[in-house]
């Protein structure tokens, strides 16, 4: 792993640890405002609503201004938004602040564009796997900190310590980016005007492989985000869990993703190719969402949530790698930003919908997610066919 990539991955870890620290708290934080299951899920979706606009805006700006200044500025602003979130006085204010936080945190496309800048195409799946591993290390660390620092019995003030810890992590990421990161945007891209998003839409729509990958990511991430949103409510209803148990579960979940993306992706891709690994990941996701309501055991729920992350970790870094490999250098920021915006849009639509479904039947979200992912299997086999044809040319 080269130095530039290692420095970037530290930035990703710090940013994601701050973001994910809040995730297991949201069902309990929402209840402190008297929120319904739909309103709790809306807290999850609000962040992604902001991320859609952030990914679109910052991805193109990074093609024009460079990757480093965008990462420095956005992580600093995210830190400020977390402080505001800690002292929100109403549910409506909390949702608005989450939208703002999502806008400034909508830089995954910028990060992936940075990885593409410094990575030869043949190594992109491996390095996207490292990105995923760094993401999951942050994802594992953050919820554990959040779950342990929170004191739900104290009401809203009981959530301030972990949220302020998230602000500290985001601020640290910004300082680290200032001190350690170098600009990676290719000089040839700097001399050109960044393509418009209308052009990026047309490019994706005309590219059969990328279009399929966008669709797989949209539906798969919608299912994963919905499971994040309902897991705390489902385990509280079935097992009487609190922030502590949910936070520790997310620690295992992140650890599972870290292991897969650190040690399994590279050899699996080398042997089977990205497309077939995507298919395998989708199958794992189906099993992981179908079984929890059928087994209804605390231990099984923890293991299946970790299994959900395994499927997620096999599917989406490889989808991102194939999108990146199929995109020319001067379009990386715009197309990867559009990809991340599409993923964020799925997190907007799905969690409130599944939160509403949870209010009707607590088990239904799991079964609906399994069905949604199953519809993507034929699309994924289409990706396999396209890659096989490309390989013989």
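Taken over segment 63-86, the residue count meeting the criterion of being closer than 25 Å to residue 160 by Cα and touching a helix residue (DSSP H, G or I) at 6+ places or on another chain (Cβ under 7 Å) is 13. In this structure, is residue 137 surrounded by fewer than 23 Cβ atoms within 10 Å (Cβ to Cβ) and modelled with pLDDT under 80? Here the answer is yes, as residue 137 does meet what is asked. Is it the case that segment 61-69 has a residue that's on the phi > 0 side of the Ramachandran plot, surrounded by fewer than 24 Cβ atoms within 10 Å (Cβ to Cβ) and at pLDDT below 90? Checking segment 61-69: at least one residue is on the phi > 0 side of the Ramachandran plot, surrounded by fewer than 24 Cβ atoms within 10 Å (Cβ to Cβ) and at pLDDT below 90. For segment 166-187, filtering for residues that are modelled with pLDDT of 85 or more and closer than 20 Å to residue 63 by Cα leaves 2. The selection criterion, being surrounded by fewer than 23 Cβ atoms within 10 Å (Cβ to Cβ), touching a residue at least 12 places away in the same chain (Cβ under 8 Å) and part of a helix (DSSP H, G or I), does not hold for residue 271. Among the residues examined, residue 389 does not qualify as within 19 Å of residue 127 (Cβ to Cβ), more than 21 Å from the chain's Cα centre (by Cα) and assigned to a helix (DSSP H, G or I). On the stretch given as segment 310-364, residues that are part of a loop (DSSP other than H, G, I, E, B) and either within 23 Å of residue 293 (Cβ to Cβ) or in contact with a strand residue (DSSP E or B) (Cβ under 8 Å, 6 or more places away or on another chain) (or both) total 3. Screening residue 57 against (1) surrounded by 24 or more Cβ atoms within 10 Å (Cβ to Cβ); (2) closer than 17 Å to residue 343 by Cβ leaves a single unmet condition, (1).
The values are calculated or read from the model by the stated rules, or taken from the named source; none is laboratory data. What you see is a predicted model, and the numbers here were worked out from it, not measured in a lab. All Cβ positions, even for glycine, are placed from backbone atoms using ideal geometry, and neighbour counts span all protein chains on display.
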